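To start, the structure under review is shown below, and the notes come after it.
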Amino acid sequence: MLTKINFHGINISDFTEEELWSEIDSTIHTGEQKVVYWRSLGTPYLIKKTPGLLEITNNFDILLIDGRGLFLFMKMMGQQLRSELYTSWFTLELLKKAAKNNYSVMILGATEEVNRTATSNIKNQYKVKTVHPGINGYFTPEEEDKIVEQINKFAPISSSLESPPPKKNSSPIITDTI
């Protein structure tokens, strides 16, 4: 389990690159499910705008930094993280891992058009063999159970999520099923 720091009420994972990949590999090999989520300079605004979001996301398993802005802000405020690894880097490295190990991937979020383009790019640029049909990120709370069922059925190594945030223990992000 990765260490989490509390930065003014917002949890963020603190790790070395080696610790992060050890956690990911362990998760894949044991068949666990983990939620990977990211924080950015926009996080305080989203938390204020969305009641309950902080409590839900603070309990997610891996909380990454999305962009250099938050990393530098934390550093200016005296909070030093052990590594400067961002969500974009993590996503690209995870796609490389999926291609190398023949894991499957699914896109969750954005629009149907963006999902189709991303699916094509993942197959062509990163050589991931199995990219399951993406799920539009603009779904209602009534549709959540069906979406969780579809994700569990495909059991991808990675589901990329924009909004709304996943429910803990219901949306797998990393699994071992190929």
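Under the condition of being hydroxyl-bearing (Ser, Thr, Tyr), touching a Lys or Arg at 6+ places or on another chain (Cβ under 6 Å) and over 21 Å from Lys97 (Cα atoms), the residues counted in region 14-50 number 0. Filtering region 136-170 to residues that are over 20 Å from Asn102 (Cα atoms), at pLDDT below 80 and hydrophobic (A, V, I, L, M, F, W, C) leaves only Leu161. Can we say Ile56 is at pLDDT 90 or above, among the aliphatic types (A, V, I, L, M), within 15 Å of the chain's Cα centre (by Cα) and surrounded by fewer than 17 Cβ atoms within 10 Å (Cβ to Cβ)? Considered against the rule, which asks whether it is at pLDDT 90 or above, among the aliphatic types (A, V, I, L, M), within 15 Å of the chain's Cα centre (by Cα) and surrounded by fewer than 17 Cβ atoms within 10 Å (Cβ to Cβ), Ile56 comes out as yes.
Going through region 18-43 one residue at a time, which ones are modelled with pLDDT under 95, assigned to a helix (DSSP H, G or I), exposed (fewer than 15 other Cβ atoms within 10 Å of the Cβ) and not small (Gly, Ala, Ser)? If the condition is that a residue be modelled with pLDDT under 95, assigned to a helix (DSSP H, G or I), exposed (fewer than 15 other Cβ atoms within 10 Å of the Cβ) and not small (Gly, Ala, Ser), then Asp25, His29, Thr30 are the ones that fit. Against the numbered list (1) of a type outside the set (Asp, Glu); (2) crowded, with 17+ Cβ neighbours inside 10 Å; (3) under 27 Å from Met106 (Cβ atoms); (4) touching a Ser or Thr at 6+ places or on another chain (Cβ under 9 Å), Leu46 comes up short only at (2).
Residues checked against (1) charged (D, E, K, R); (2) within 22 Å of Ile62 (Cα to Cα):
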residue: Ser104; (1), (2): no, yes
residue: Ile107; (1), (2): no, yes
residue: Ala110; (1), (2): no, yes
residue: Asn121; (1), (2): no, no
residue: Val128; (1), (2): no, no
residue: Thr140; (1), (2): no, no
residue: Lys146; (1), (2): yes, no
residue: Asn152; (1), (2): no, yes
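More than 16 Å from the chain's Cα centre (by Cα), over 18 Å from Glu84 (Cα atoms) and crowded, with 17+ Cβ neighbours inside 10 Å, is that true of Ile10? Spelling it out, it is not the case that Ile10 is more than 16 Å from the chain's Cα centre (by Cα), over 18 Å from Glu84 (Cα atoms) and crowded, with 17+ Cβ neighbours inside 10 Å.
Of the residues making up region 44-68, those that are assigned to a loop (DSSP other than H, G, I, E, B) and closer than 24 Å to Arg82 by Cβ are Asn59, Phe60, Asp61, Asp66, Gly67.
Remark: pairs (first residue in region 128-157, over 21 Å from Thr30 (Cβ atoms); second residue of a type in the set (Val, Ile, Thr) and not in a helix (DSSP H, G or I); Cβ separation under 6 Å; 6+ apart in sequence or on different chains) = Val128/Val105; Val131/Val105; Gly134/Ile107; Ile147/Ile135. With respect to the conditions (1) assigned to a helix (DSSP H, G or I); (2) farther than 14 Å from Val131 by Cβ, Arg82 falls short on a single one, namely (1).
The values are calculated or read from the model by the stated rules, or taken from the named source; none is laboratory data. What you see is a predicted model; the values in this text were computed from it and never measured. When we count neighbours, we look across all protein chains shown, and the Cβ atoms used for this are built from the backbone with ideal geometry, even at glycine.
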